[in-house]
């Protein structure tokens, strides 16, 4: 029986329910990452005894599942997309924005399928936008391909933001601090392709880079869907 199917225990002097527990856990994770979340810390946040939480949530993994599903409510499309490309592109951008609001989400993307009501609703809206365009296996590969792109891109962006917080240096400050070492290494002539990239490449805005890569992936998916169309 999943956490969503298991009934909640009756209320006691300090009112509790899964909604309050999950909201407290999300707040803790937003403040300090997943390492800041435990059933004991959530209970303290709610001024309740830790053992009471076990009536609602058996293990921490269930709490993480509930937290992810809570954020999936922010990823749900407000209305049906006009076509499959808008649906997959919208999913990618909404997931990125949710992960920037809740950086811990990046650590939980790409794992087991999301089985909560919001996660299932996101999957349903996504698959519905591609329904009938090709056979089911092709549609699933298309969704998996786009998901793999934005999951990796989001994790990289969040990792860079975390590195900035840990080091106390912005990306540009880190580049300036690392400049002498990089310049010396490129001057050896051992890295000509890298030298051209460093000297001639543009330092793109993260959102622009994300959108550009997403468009390339969607172009490739479009080709495959056209070949597989009934």
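The values are calculated or read from the model by the stated rules, or taken from the named source; none is laboratory data. Worth saying up front: this structure is predicted, and the values here are computed from it rather than measured. As a convention, Cβ positions derive from the backbone with ideal geometry for all residues, glycine included, and neighbour counts pool all protein chains shown.
Points to keep in mind about this one:
- The criterion of being in a helix (DSSP H, G or I), at pLDDT below 95, within 26 Å of the chain's Cα centre (by Cα) and not assigned by TED's automatic domain parsing to the domain that holds residue 162 holds for residue 20.
- Any hit, the stretch 166-180, residues being at pLDDT 85 or above and more than 17 Å from residue 209 (Cβ to Cβ): no
- On the stretch given as the stretch 61-88, residues that are farther than 17 Å from residue 20 by Cβ, over 14 Å from the mean Cα position of the chain (by Cα) and outside any loop (DSSP other than H, G, I, E, B) total 6.
- Candidates 228, 195, 134, 202: the one that is surrounded by 10 or more Cβ atoms within 10 Å (Cβ to Cβ), modelled with pLDDT under 95, more than 24 Å from the chain's Cα centre (by Cα) and more than 24 Å from residue 86 (Cβ to Cβ) is 195.
- Filter result (in contact (Cβ under 8 Å) with a residue 24 or more places away in the chain and touching a helix residue (DSSP H, G or I) at 6+ places or on another chain (Cβ under 6 Å)) within the stretch 90-106: 91, 92, 95, 96, 98, 99, 102, 103, 104, 105, 106
- Qualifying positions in the stretch 17-64 - surrounded by 15 or more Cβ atoms within 10 Å (Cβ to Cβ) and out of contact with any helix residue (DSSP H, G or I) (no Cβ under 9 Å at 6 or more places or on another chain): 20, 62
- Out of 136, 143, 158, 122, one residue alone is assigned by TED's automatic domain parsing to the domain that holds residue 87 and farther than 30 Å from residue 5 by Cα. It is 158.
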